[in-house]
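What follows is a set of notes on a single structure, which appears directly below.
The values are calculated or read from the model by the stated rules, or taken from the named source; none is laboratory data. Worth saying up front: this structure is predicted, and the values here are computed from it rather than measured. Here the Cβ positions follow ideal geometry from the backbone for every residue, glycine too, while neighbour counts run over all protein chains shown.
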Amino acid sequence: MREVIVGGLKGRLTGGSDGHGGGDGPVVMLLHGFGAPGDDLVPLADVIQVPTGTRWLFPEAPLSLNMGFGDSRAWWIVDFARIQEDRAAGRIRDLSVEVPQGLALARERFLAFLKELPRQLSIDYKKTVIGGFSQGAMLTCDAVLHTDYPFAGLVQLSGNLLAQAVWGPLMSKRKGLPVFQSHGTLDDILPHVGAERLRDALIQSGLAVEWHSFRGGHEIPELVLRRLNTFITKALKE
């Protein structure tokens, strides 16, 4: 594995022709979630089977949370006190009506990363699957809707529908894009119903959503990894 700095963001590369992201093979780009270290999803490269020569790229969020354990990072700040209050009161929060305060800046930073990436790395976005987990999933969905890069697929692991007033009008331009989406029915961080709202909005806009609901929490279970394996392989070979 090797580290790169692209557009002001750190990224970790693995796989490829040399195990360090070398060569010009297809790319799987995954963004970690809120509170996780930048290398949180790197182990997925060892458990998901992809076409030979595929490179894995794991961008790291720019914000350090200083939570007192490890290198916890975020793409934008989340009001966890409010989440705890909602959970204690049994309220299901509807994120679709919210536009997080830090989303625009997170988008700006990540779009700068995507713009600069082809200048530093041999990459064809037609052979790139992009996505992430939790907050990373939501940021990649936002970025895909705000660009016209011809990605091969979008992966949404335990994400939610955000900023529907912003996202909704942009979805139809991504008609036909393959989307892999999974969510746990017992997720107490991002509600299952929020993922269903995202799924329905994407489908209604013509995107090709592969939906996987599982009995579990805010996680990526083995069953989802097996199905994600198939999705990525198909997307990169088409």
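Annotations for the structure displayed:
- Some residue of the range 38-54 being among the aliphatic types (A, V, I, L, M) and more than 23 Å from L139 (Cα to Cα): yes
- Taking the range 55-75 as the range and being touching a Lys or Arg at 6+ places or on another chain (Cβ under 9 Å) and either in a loop (DSSP other than H, G, I, E, B) or modelled with pLDDT of 95 or more (or both) as the test, the residues that pass are W56, L57, F58, P59, E60, A61, P62, L63, L65, W75.
- Residue in the range 101-124 that is assigned to a loop (DSSP other than H, G, I, E, B) and in contact with a strand residue (DSSP E or B) (Cβ under 7 Å, 6 or more places away or on another chain) present: yes
- The set of residues in the range 145-178 being out of contact with any helix residue (DSSP H, G or I) (no Cβ under 6 Å at 6 or more places or on another chain), closer than 22 Å to V50 by Cα and aliphatic (A, V, I, L, M) consists of V155, L177.
- Of the criteria (1) modelled with pLDDT under 95; (2) closer than 29 Å to E238 by Cβ; (3) not in a loop (DSSP other than H, G, I, E, B), which one L30 fails: (1)
- Just one of the listed residues (R119, R82, R93, R87) is touching a helix residue (DSSP H, G or I) at 6+ places or on another chain (Cβ under 8 Å) and surrounded by fewer than 20 Cβ atoms within 10 Å (Cβ to Cβ), namely R93.
- Failed condition for E222, given (1) free of Cβ contacts under 8 Å to residues at least 24 places away in the same chain; (2) surrounded by fewer than 19 Cβ atoms within 10 Å (Cβ to Cβ); (3) closer than 25 Å to L114 by Cβ: (3)
- Residue within the range 13-23 that is in a helix (DSSP H, G or I) and more than 23 Å from I220 (Cβ to Cβ) present: no
- Every residue from the range 116-141 that is free of Cβ contacts under 8 Å to residues at least 60 places away in the same chain and either touching a Phe, Trp or Tyr at 6+ places or on another chain (Cβ under 6 Å) or under 23 Å from N229 (Cα atoms) (or both): Y125, K126, M138, C141
- Exactly one residue out of L95, L154 is free of Cβ contacts under 8 Å to residues at least 60 places away in the same chain and of a type in the set (A, V, I, L, M): that is L154.
- Complete set of residues in the range 164-192 that are surrounded by 18 or more Cβ atoms within 10 Å (Cβ to Cβ), of a type in the set (A, V, I, L, M) and either in contact with a Pro (Cβ under 8 Å, 6 or more places away or on another chain) or in a helix (DSSP H, G or I) (or both): M171
- Those residues of the range 187-219 which are under 17 Å from A163 (Cα atoms) and in contact (Cβ under 8 Å) with a residue 40 or more places away in the chain, in sequence order: L190, P191, V193, G194, R197, L198, A201
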